[in-house]
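Participant: Could you have a look at this structure, given as structure tokens, before my questions?
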Amino acid sequence: AHYVTPLPTILPLRSRLGGVVSSILRFLGWPAKLNDRGSLITGLGLTLYDFFGRNFRVMPKHRMLSRARLDRIVAGLDRRIIGAGLYYEGQISHAERLGLELVLDGEAMNPNSSALNYVTVEGEEEGIVSYVHNGQKRHVRPRVIVNAGGAWIDRVNASLGIPTQLMGGSKGAHLVVENPALYRALNGHMIYFGTADGRVNLVYPFMGQVLLGSTDIKTEDPDTAVCDNEEADYLRGVVAEIFPDIPVTADQIRHRFSGVRPLPRADGDIGLVTRDHSIAERTLPSGTPVLCLIGGKWTTFRGFSAQVSDQILKLLGRQRHRSTEAMQIGGGKDYPLPDQRAGWVRKHAGESGLSIRRMENLLERYGTRAAEIANELGSDCPLETVPDYSQEELSYLIRNERVGHVDDLLYRRTTIAISGALSPETRQEVELLYEKTRRSSDVH
């Protein structure tokens, strides 16, 4: 609805039978790289994908494409590609905002709950956990602790006095590039392809630019994860395996970022480590249970959350009173259907005094929360360096969305950085606005 949209995805094929042996070996649990996924394996995999998702299907079934049909959809592909599989992924346009809305929804559903941003756990003694928030040391006696620290789980456990070696993070780097020729060639599709070195990469249109990803590098310290020049060169280079006549040059890079997948610790090729989620239970010296959440991703977060909640309720001896399985999230609540969208925009544009175009922009950006935000914008003065955002809009985010510093605005609450619009001048303008808003309000 507001942050998740269908993304037609192309799986290029270079052979008929490629990958059969490797797939059998991997099914049997033996290590093997899939350098080539032929039409037989791909067709079988997509058929199973459709079958297991049949009860939840909201997008079309897969199709197998000949080279002639593929050329009518995506232009400029390598001549050695003989066809493709076409299926649909769910694209998250702004995962950071989806996470924020889950937090805000949770607090609204339970007024006794509280989510604190930028907390440092300092230690535990006799069942009492001490932590620092906003420079103040605080204490709490938890009945259950859920460690959802991702790649930092072992570090959080260490601060609680529990030595663990649960995590074996994998760094994934991405590039956002401004390449009009590649953007046009993709024609709204993602290309999800195996490379000559046995990795899997992707390229797809993203916020008017093109996103390239991703690497898969074993990482011991998640704080050191950055997209370095070697990775950037690699990502630019592998695009040539798919689009040999559309070079991606270093000067086209508008943004680079990396994250660390919270995978379980394992020996061997990091690419073969399971992506399934699991819960590892440990205890504080006082006996308080600590549930460590390993793995997990956006495609399975609801199921994982329910699994964790069930375990918490069991430990507390409580019964579930409410399910979130079909609950709409944040700005997805009462999101207008396609034939209702224009009416919704006109109504709230009239109420707020904003233009139709601006209201449409806010709906796309915030879902139905745009109605509340629009009513707070008043004069709505565009930023000089990024006129797609306004001063009043960012001030609203600072006051209402747990913004701890300027980077929260640039990288997490807005798309300024990830869309490639961040410049030194933009940072300076946003820093001045941030300080002005904090001085004129009670933001903490």
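The values are calculated or read from the model by the stated rules, or taken from the named source; none is laboratory data. Model, not experiment: these values are computed from the prediction. FYI the Cβ positions are ideal-geometry reconstructions off the backbone, even for glycines, and counts take in every protein chain you see.
Participant: Taking the stretch 37-77 as the region of interest, how many residues are in contact (Cβ under 8 Å) with a residue 60 or more places away in the chain and outside any loop (DSSP other than H, G, I, E, B)?
Facilitator: The total comes to 1.
Participant: Can you tell me which of GLY237, GLY198 is assigned to a loop (DSSP other than H, G, I, E, B) and small (Gly, Ala, Ser)?
Facilitator: One residue alone meets the criteria, GLY198.
Participant: Mind listing just one residue for me: the one in the stretch 1-40 that is of a type in the set (S, T, N, Q) and modelled with pLDDT of 70 or more and, of those, surrounded by the fewest Cβ atoms within 10 Å (Cβ to Cβ)?
Facilitator: Of everything passing the filter in the stretch 1-40, THR5 is surrounded by the fewest Cβ atoms within 10 Å (Cβ to Cβ).
Participant: Okay, next question. ARG369 - would you say it is within 23 Å of the chain's Cα centre (by Cα), modelled with pLDDT of 95 or more, surrounded by 11 or more Cβ atoms within 10 Å (Cβ to Cβ) and not in a loop (DSSP other than H, G, I, E, B)?
Facilitator: Criteria met by ARG369.
Participant: Considering only residues of the stretch 403-444 that are in a helix (DSSP H, G or I) and acidic (Asp, Glu), which is surrounded by the most Cβ atoms within 10 Å (Cβ to Cβ)?
Facilitator: ASP408
Participant: Could I ask something else about it? Where in the stretch 82-191 are the strands (runs of 3 or more DSSP E), entirely inside, with at least 1 residues that are buried (at least 20 other Cβ atoms within 10 Å of the Cβ), of a type in the set (Asp, Glu) and in contact (Cβ under 8 Å) with a residue 12 or more places away in the chain?
Facilitator: Qualifying strands (runs of 3 or more DSSP E): 119-125.
Participant: Here's a check for you: in the stretch 393-402, which residue that is farther than 30 Å from PRO180 by Cα and not in a loop (DSSP other than H, G, I, E, B) is nearest to the chain's Cα centre (by Cα)?
Facilitator: If we take residues in the stretch 393-402 being farther than 30 Å from PRO180 by Cα and not in a loop (DSSP other than H, G, I, E, B), then LEU397 is nearest to the chain's Cα centre (by Cα).
Participant: I'd like to check something: does the stretch 321-332 contain any residue that is touching a Ser or Thr at 6+ places or on another chain (Cβ under 7 Å) and either modelled with pLDDT under 95 or under 30 Å from LEU377 (Cβ atoms) (or both)?
Facilitator: yes
Participant: Considering each of ILE416, ILE356 in turn, give the residue that is of a type outside the set (Ser, Thr, Tyr) and within 30 Å of ILE253 (Cβ to Cβ).
Facilitator: ILE416
Participant: Within the stretch 266-305, how many residues turn out to be among the charged types (D, E, K, R), within 25 Å of VAL144 (Cα to Cα) and either under 19 Å from the mean Cα position of the chain (by Cα) or surrounded by 14 or more Cβ atoms within 10 Å (Cβ to Cβ) (or both)?
Facilitator: Looking only at that region, the number is 4.
Participant: Could you run through the stretch 299-319 and say how many residues are at pLDDT 90 or above and either part of a loop (DSSP other than H, G, I, E, B) or in contact with a strand residue (DSSP E or B) (Cβ under 9 Å, 6 or more places away or on another chain) (or both)?
Facilitator: Of the residues in that region, 9 qualify.
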